[in-house]
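S.K.: Before I ask anything, here is the structure I am working with.
The values are calculated or read from the model by the stated rules, or taken from the named source; none is laboratory data. All of these numbers come straight from a predicted model, not from anything done at the bench. Heads up, the Cβs are rebuilt from the backbone with ideal geometry, glycines too, and the neighbour counts pull from every protein chain shown. Ligands, DNA and RNA are excluded from the accessible area calculation, which covers all protein heavy atoms including side chains. Shrake-Rupley method; radii C 1.70, N 1.55, O 1.52, S 1.80 Å.
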Amino acid sequence: MKPLSEGYTKRDTGIAKGAAILLLLIHHLYVGDAPAPIDIFRVYPPLTAATLCKVCVSMFVVLSGYGLAMSFKKGEERSGRFVRRHVLGLLRPYFLIYFISVLLGIFFARPEYTPWAIYGTGLRGFGNACAELFALRPLLRTPAYNQTWWYMEAALALYLCFPFIYRGVRRAPYIVLPVTAVPLALYFFLGNNVWDTCREIYWFFPFAAGVFLAQRDLLAKFAASAGKRPWRSTALTGLAVLAAALIRSQVGLAFDTFFAVAILLFLRCTLSVIPYLGAAFGHLGRHSGNIFMLHSFIYCYFTSQRLFARLLNSPDLISVFLALPLLLILSLACSELLELAKKPFKNKKTLNKN
């Protein structure tokens, strides 16, 4: 390990996103859907691990709130222009991947997952396709070409509400944070798994928590403190992750924000100070958006699913575990190809600005 530098940098955020996307692949690939409370002594351990990996969503949301707030603090843009720029930054890569996926789906999708099999035909099919294209599918309850894309509606809602959340958290965090946590509290008290959590209402609390961390520079302050006592900080945050995982297994989704923050702090003490491993996760983090939008087609919706079905259903545990690095490699390769294809257009845009 090398000493921790002060501050919580974009590199640290990238590393955290890399770790979060790996957790996402585990959660989806191994179908982490065990309901809370989980009997950790009786439930199949990989199922428990895959279920706990759902914390990846809260990690991404906390980092989104944190990143937006840190950028907005600079005061270089009006709130309307700031939101518009970031909403377009959110939707542009999604639009591109959407059209590419639909086109490839015509040729490579499994029969039950072709665009017309999902959306239908005629005007109704066109309307269903438009609903998902503009990230309105969860709201309108129309068919999903890719179930993972539910997050786009949540992210869009959070981005649009960002100026109000930012001002509210700055002026009255003791009101805004508890209010945004109400849906999660109701979800817990009324019984976990009673509703579909693939909606924006459950993700305002981690988003507001990320804004709160940024406004008070709490991650940067933690990094400065941890730099003075790195080994103690690593031990304490490691214990915090273990304790949070145990509580989360019993409480469910309502505890994910605290679990996510514990993981972020632990990553700041570990991966961020391991040069080559940190660089690898940082590279993965730069591709996390593409991997999030693409990976489901590889292991589920396209004909490549047959390979993963053989691995996951194999009696050989090694084959089962090999499905994860295979999905990671293929997803990253697809993202690299996509970025390579986009590069001439990026260069052209840069030249036009000059």
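S.K.: Is the range 217-228 home to any residue that is open to solvent by less than 20 Å² (accessible area, probe 1.4 Å), among the hydroxyl-bearing types (Ser, Thr, Tyr) and closer than 27 Å to ASP12 by Cβ?
M.R.: no
S.K.: Restricting the search to the range 113-127, which residues are polar (S, T, N, Q) and more than 28 Å from the chain's Cα centre (by Cα)?
M.R.: Across the range 113-127, the qualifying residue is only THR121.
S.K.: For residues that are of a type in the set (Lys, Arg) and in a helix (DSSP H, G or I), scanning just the range 201-235, find the one that is farthest from ASP33 (Cα to Cα).
M.R.: Per the criteria, the residue is LYS228.
S.K.: Also, I was wondering about something else. Can you confirm whether LEU133 is of a type outside the set (Phe, Trp, Tyr) and at pLDDT below 95?
M.R.: So LEU133 fails the test.
S.K.: State yes or no: is ALA69 within 20 Å of the chain's Cα centre (by Cα), within 29 Å of VAL251 (Cβ to Cβ) and free of Cβ contacts under 8 Å to residues at least 24 places away in the same chain?
M.R.: Taking the combined requirement at face value, the residue does not satisfy it.
S.K.: Then there is this: I'd like the full set of residues that are among the small types (Gly, Ala, Ser), surrounded by 15 or more Cβ atoms within 10 Å (Cβ to Cβ) and under 22 Å from the mean Cα position of the chain (by Cα), limited to the range 137-189.
M.R.: Answer for the range 137-189, where residues must be among the small types (Gly, Ala, Ser), surrounded by 15 or more Cβ atoms within 10 Å (Cβ to Cβ) and under 22 Å from the mean Cα position of the chain (by Cα): ALA144, ALA154, ALA155, ALA157, ALA181.
S.K.: Now for a different question. State which residue is surrounded by the most Cβ atoms within 10 Å (Cβ to Cβ) when the search covers only the range 9-48 and only residues that are of a type in the set (Phe, Trp, Tyr) and modelled with pLDDT under 95.
M.R.: Step by step, filter the range 9-48, then rank; the result is TYR44.
S.K.: Here's a follow-up. With ALA131, ALA69 as the choices, which residue is over 30 Å from LEU246 (Cα atoms), in contact with a Gly (Cβ under 8 Å, 6 or more places away or on another chain) and either assigned to a loop (DSSP other than H, G, I, E, B) or open to solvent by less than 20 Å² (accessible area, probe 1.4 Å) (or both)?
M.R.: Being over 30 Å from LEU246 (Cα atoms), in contact with a Gly (Cβ under 8 Å, 6 or more places away or on another chain) and either assigned to a loop (DSSP other than H, G, I, E, B) or open to solvent by less than 20 Å² (accessible area, probe 1.4 Å) (or both) holds for just one of ALA131, ALA69, which is ALA69.
S.K.: What residue, among those in the range 18-66 that are aliphatic (A, V, I, L, M) and free of Cβ contacts under 8 Å to residues at least 24 places away in the same chain, is farthest from GLY168 (Cα to Cα)?
M.R.: Let us first name the residues in the range 18-66 that are aliphatic (A, V, I, L, M), namely 19-26, 29, 31, 34, 36, 38, 40, 43, 47, 49-50, 52, 55, 57, 59, 61-63.
Okay, now just the ones that are also free of Cβ contacts under 8 Å to residues at least 24 places away in the same chain, so 31, 34, 43, 47, 49.
Numbers: VAL31: 37, ALA34: 35, VAL43: 41, LEU47: 38, ALA49: 36 Å.
That would be VAL43.
S.K.: When SER331 is evaluated against the numbered criteria (1) in contact (Cβ under 8 Å) with a residue 40 or more places away in the chain; (2) more than 30 Å from ALA224 (Cβ to Cβ); (3) open to solvent by 50 Å² or more (accessible area, probe 1.4 Å), which criterion, by number, is the only one it fails?
M.R.: For SER331, the exception is condition (3).
S.K.: Can you tell which of CYS161, CYS198 is farther than 30 Å from THR270 by Cα, assigned to a helix (DSSP H, G or I) and not aliphatic (A, V, I, L, M)?
M.R.: Answer to the check: CYS161.
S.K.: Any residue at all in the range 283-300 that's open to solvent by less than 20 Å² (accessible area, probe 1.4 Å), in contact (Cβ under 8 Å) with a residue 24 or more places away in the chain, touching a Gly at 6+ places or on another chain (Cβ under 6 Å) and more than 16 Å from HIS28 (Cα to Cα)?
M.R.: Scanning the range 283-300, I find at least one residue that is open to solvent by less than 20 Å² (accessible area, probe 1.4 Å), in contact (Cβ under 8 Å) with a residue 24 or more places away in the chain, touching a Gly at 6+ places or on another chain (Cβ under 6 Å) and more than 16 Å from HIS28 (Cα to Cα), so the answer is yes.
S.K.: Can you pull out the helices (runs of 4 or more DSSP H) entirely within the range 270-354 that have at least 1 residues that are of a type in the set (Lys, Arg)?
M.R.: 275-286, 305-312, 317-353
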